[in-house]
Amino acid sequence: MTWTPDEETLTAFRHLALQNAIEYEGKAAPGSVIGRLMGSRSDLREHGKIISPLIAKAVAEANKMAAEQGIAALQAILEVEAPHLLEKREKKERREGLPELKNAVKGKVVLRFAPNPNGPLSFGHARGIVINGNYAKEWDGELILRFDDTDTVVKPPLPEAYLQIPEEAEWLLGFKPHRIVIASEQMPHYYEHAVLMLERGFGYVCQCSGEAFKEYRVSKTECPCRANDVELNLELWSKMTDGTFVPGDAVVRVKTAMDLKNPALRDWPALRIQNTQEHPHPRKSIGSKYRVWPLLDFQSAVEDYIQGVTHIIRGKDLMDSTRKQTLLYQHFGWTYPETMYWGRVKVHEWGGFSTSQMRRDIEAGLFSGWDDPRLPTLTALRKRGITAKALRDFWVELGVTQKDISVPLSTLFSHNTKSIDDDAPRLAFIRQPEKLHLEGEHPSNVSVEVHPNHSSRGMRTFDVSNKAIWIEHEDAVKNEVRLKGFSNIEINGNLAGIGSIERNDRRPIIHWIPDTNATPAVLLVAEDGEIKRFEGLMEAHTYPAGTMVQLERIGYARIIDNSTLIFTHS
């Protein structure tokens, strides 16, 4: 039988429509009314298709009444029939930055950032550090830096990453991670919990081939190994650990249910055998010590419990990991951490870089190293002059949302500009320099501000007594220009006639360097997958390596040494 609303329900529709029209000055919206209705009347949600046109009709009538009789007429009706709807709804205070951390207790929040140390940190890793770090700071909690380094075959760890990643994390956060955990050094704990699973009967050693078990999973059928008793499972476990079995002979599985709706959750694998004789762990203390290694979902779940992690913030692509781990926690009688998810963020200019791919490309000689300015690694971004604050502001602004986001690199650059502009002294760099000889009377010294917004930073003094200056080739072909901070000039070949010292027209302003203050230099620019070298002349200076400067009419750059700069962004 088709559901039909009674008179009381129809009246409620009308009242909500009148309330919405009052709130939005005669422009009630059906969607807003439906949302409010369903939020208060869960019993009506299953009848949405019938309710929607009725709400639309009530909203149209309310808006018409507001237009013809005024808002006061709507208020008069509600004052008599539903005065409670005239009470002002409290507006939730808008929270700036990241969303609220659910069920968080000040001083007891524990979060973790868990990279695979198969390379240093990348731009994508920065999200995990920033988001988790911000929450840890806000809640007076702890941030654990955990190295998930239990795969020596597909993603072999890079020894230098164990030192580089903590330093990069501290640079980005502004504080050291509170704890550092190396998963490969926690192997006894994983073995202990694997044995507990076998002893308690919610884990078993499976000797089925991968293809065979796939058929069981698809057909929702239990494999024969699932019926192993505890004694047999422990015997098989010993064969896994003592070298009797080789990779592929056996895995330890977590018993869930083979009829679960999600195939990925059906008796998922927890530990497997790795050939550490051929692929020893790069940490000398580990090497080939262990034959059986945990898969990431098991290792991470156990480690989170051991370390007391209260909140996990991860990509939405790992929702199945949450589901697997929750089932494991239920077996052990543990409480699973609060979990938040984010969607993918794609930067237009970078495409799909991964740490593994970057490592292969570096080893193949396609890039000079992890700090190659074409790469989206933190070490490369730092070398180019991207600040930790800009990265933090970028990721906090994007927040924690499950929506996939695509952004241009200019978004990061805008944050970086805010971070560096106030401190960056101005400097001239002349590409394709052309020499001009000044004609006419002019002062022998010209002073130009170090920073246009900070007079206290002083002046740059140029000696033009020898009447020779350098400008860029594209400016030299113009007839009338103004030398910034100096005078108007008229160009005729390699001669420049001095005009008005005061700016008295709209001729273009160009940057320049006096011959007495020019020094050869190179500007490196990462562009279109290449590193381009622009040789030219730089204004002599005494700024140390690492100083961020703004090159007149070019953009921001970082000083590498006395004769080299690297372009940051415009």
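The values are calculated or read from the model by the stated rules, or taken from the named source; none is laboratory data. Everything numeric in this text was worked out from a predicted model, so none of it was measured. Backbone-built Cβ (ideal geometry, glycine too); neighbour counts: all protein chains shown.
Scanning for something assigned to a strand (DSSP E or B) and either modelled with pLDDT of 95 or more or under 36 Å from the mean Cα position of the chain (by Cα) (or both), does region 182-190 turn up at least one residue? So that I can check it myself, show each step before the final result.
The first filter runs over region 182-190 and keeps only residues assigned to a strand (DSSP E or B), leaving 182.
After this cut, where a residue has to be either modelled with pLDDT of 95 or more or under 36 Å from the mean Cα position of the chain (by Cα) (or both) as well, the list is 182.
The answer is yes; a qualifying residue exists.
If I ask for residues that are of a type in the set (Lys, Arg) and surrounded by fewer than 15 Cβ atoms within 10 Å (Cβ to Cβ), which ones from region 185-232 would you list?
Pass one, region 185-232, residues of a type in the set (Lys, Arg): 200, 214, 217, 220, 226.
Result: Arg200, Lys214, Lys220.
Given the structure, is Thr379 under 17 Å from Gln550 (Cα atoms), at pLDDT 95 or above and either touching a Cys at 6+ places or on another chain (Cβ under 9 Å) or outside the structural domain of Leu565 (by TED's automatic domain parsing) (or both)? Break it down stepwise before answering.
Details: under 17 Å from Gln550 (Cα atoms): no; at pLDDT 95 or above: yes; either touching a Cys at 6+ places or on another chain (Cβ under 9 Å) or outside the structural domain of Leu565 (by TED's automatic domain parsing) (or both): yes.
Here the answer is no, as Thr379 does not meet what is asked.
Conditions (1) at pLDDT below 95; (2) more than 21 Å from the chain's Cα centre (by Cα); (3) buried (at least 16 other Cβ atoms within 10 Å of the Cβ), marked per residue:
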site	(1), (2), (3)
Leu78	yes, yes, yes
Leu86	yes, yes, no
Arg94	yes, yes, no
Lys106	no, yes, no
Arg112	no, no, yes
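Considering only region 413-424, I want to know if a residue exists there that is in a strand (DSSP E or B) and surrounded by fewer than 19 Cβ atoms within 10 Å (Cβ to Cβ).
Initial filter on region 413-424 (in a strand (DSSP E or B)): none.
No, region 413-424 contains no residue that is in a strand (DSSP E or B) and surrounded by fewer than 19 Cβ atoms within 10 Å (Cβ to Cβ).
Within region 136-156, how many residues turn out to be at pLDDT 95 or above, crowded, with 21+ Cβ neighbours inside 10 Å and out of contact with any helix residue (DSSP H, G or I) (no Cβ under 8 Å at 6 or more places or on another chain)?
Counting residues in region 136-156 that are at pLDDT 95 or above, crowded, with 21+ Cβ neighbours inside 10 Å and out of contact with any helix residue (DSSP H, G or I) (no Cβ under 8 Å at 6 or more places or on another chain) gives 1.
Give the residues of region 240-278 that are in contact (Cβ under 8 Å) with a residue 12 or more places away in the chain, hydrophobic (A, V, I, L, M, F, W, C) and surrounded by fewer than 19 Cβ atoms within 10 Å (Cβ to Cβ), sorted by residue number.
Val246, Met258, Ala264, Leu265
Residues Glu79, Glu61, Glu138: which one is at negative phi, without any contact (Cβ under 8 Å) to a residue 12 or more places away in the chain and not small (Gly, Ala, Ser)?
Answer to the check: Glu79.
Please name all residue pairs, on different chains or six or more residues apart, with Cβ atoms under 8 Å, provided the first residue is in region 342-364 and is under 21 Å from Gly315 (Cα atoms) and the second residue is among the acidic types (Asp, Glu) and assigned to a loop (DSSP other than H, G, I, E, B).
Taking only residues 6 or more apart or on different chains, the pairs are Gly343/Asp404; Arg344/Asp404; Val345/Asp404; Lys346/Asp404.
Here are some residues: Leu296, Leu327, Leu318. Which one is touching a Phe, Trp or Tyr at 6+ places or on another chain (Cβ under 9 Å), of a type in the set (A, V, I, L, M, F, W, C) and over 20 Å from Gly201 (Cα atoms)?
Details: Leu296 fails: touching a Phe, Trp or Tyr at 6+ places or on another chain (Cβ under 9 Å); Leu327 fails: over 20 Å from Gly201 (Cα atoms).
It is Leu318.
Per-residue answers, yes or no, for (1) more than 20 Å from Ala424 (Cβ to Cβ); (2) hydrophobic (A, V, I, L, M, F, W, C):
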{"site": "Lys484", "(1), (2)": "no, no"}
{"site": "Ile513", "(1), (2)": "no, yes"}
{"site": "Val525", "(1), (2)": "no, yes"}
{"site": "Ile531", "(1), (2)": "yes, yes"}
{"site": "Leu565", "(1), (2)": "no, yes"}
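What single numbered condition from (1) more than 29 Å from Pro156 (Cβ to Cβ); (2) of a type in the set (Ser, Thr, Tyr); (3) at pLDDT 95 or above fails to hold for Ser321?
Going through (1) more than 29 Å from Pro156 (Cβ to Cβ); (2) of a type in the set (Ser, Thr, Tyr); (3) at pLDDT 95 or above one by one, Ser321 breaks only (1).
Restricting attention to region 225-248, report how many residues are touching a strand residue (DSSP E or B) at 6+ places or on another chain (Cβ under 7 Å) and either in a loop (DSSP other than H, G, I, E, B) or of a type in the set (Gly, Ala, Ser) (or both). Spell out the reasoning first.
Kept after step one, since they are touching a strand residue (DSSP E or B) at 6+ places or on another chain (Cβ under 7 Å), are these residues of region 225-248: 225-226, 228, 233, 236-237, 240-241, 245-247.
Now narrow it down to the ones that are either in a loop (DSSP other than H, G, I, E, B) or of a type in the set (Gly, Ala, Ser) (or both): 228, 245-247.
Number satisfying all stated conditions: 4.
For region 380-412, how many residues meet the condition of being within 25 Å of Gly119 (Cβ to Cβ), polar (S, T, N, Q) and either crowded, with 19+ Cβ neighbours inside 10 Å or touching a helix residue (DSSP H, G or I) at 6+ places or on another chain (Cβ under 6 Å) (or both)?
Summing the residues that are within 25 Å of Gly119 (Cβ to Cβ), polar (S, T, N, Q) and either crowded, with 19+ Cβ neighbours inside 10 Å or touching a helix residue (DSSP H, G or I) at 6+ places or on another chain (Cβ under 6 Å) (or both) in region 380-412 gives 1.
Test each condition in (1) out of contact with any Leu (no Cβ under 9 Å at 6 or more places or on another chain); (2) part of a strand (DSSP E or B) for Val252 and report the one that comes out false.
Just one mismatch for Val252, condition (1).
Considering only region 279-322, state which residues are surrounded by fewer than 17 Cβ atoms within 10 Å (Cβ to Cβ) and basic (Lys, Arg).
Lys284, Lys289, Lys316
For region 46-84, name all the residues that are of a type in the set (Lys, Arg) and closer than 13 Å to Arg14 by Cβ. Give the derivation first.
Here is the first cut: in region 46-84, the residues of a type in the set (Lys, Arg) are 49, 57, 64.
Correct list: Lys57, Lys64.
What pairs can you find where one residue is in region 211-239 and in the same structural domain as Glu192 (by TED's automatic domain parsing), the other is basic (Lys, Arg) and not in a helix (DSSP H, G or I), and their Cβ atoms are less than 9 Å apart, with a gap of 6+ or different chains?
From region 211-239, the pairs are Phe213/Arg253; Tyr216/Arg266; Arg217/Arg266; Lys220/Arg266; Cys223/Arg253; Cys225/Arg253; Arg226/Arg253; Arg226/Lys255.
Look at Ile491 and say whether it is in contact (Cβ under 8 Å) with a residue 40 or more places away in the chain, farther than 24 Å from Val522 by Cβ and not hydroxyl-bearing (Ser, Thr, Tyr).
Values: in contact (Cβ under 8 Å) with a residue 40 or more places away in the chain: yes; farther than 24 Å from Val522 by Cβ: yes; not hydroxyl-bearing (Ser, Thr, Tyr): yes.
So Ile491 passes the test.
Identify, from the list Gly385, Gly333, Gly315, Gly369, the residue that is without any contact (Cβ under 8 Å) to a residue 60 or more places away in the chain, within 25 Å of Glu167 (Cβ to Cβ) and over 16 Å from the mean Cα position of the chain (by Cα). Write out each step before concluding.
Values: Gly385 fails: without any contact (Cβ under 8 Å) to a residue 60 or more places away in the chain; Gly333 fails: within 25 Å of Glu167 (Cβ to Cβ); Gly315 fails: over 16 Å from the mean Cα position of the chain (by Cα).
After ruling out the rest, the residue left standing is Gly369.
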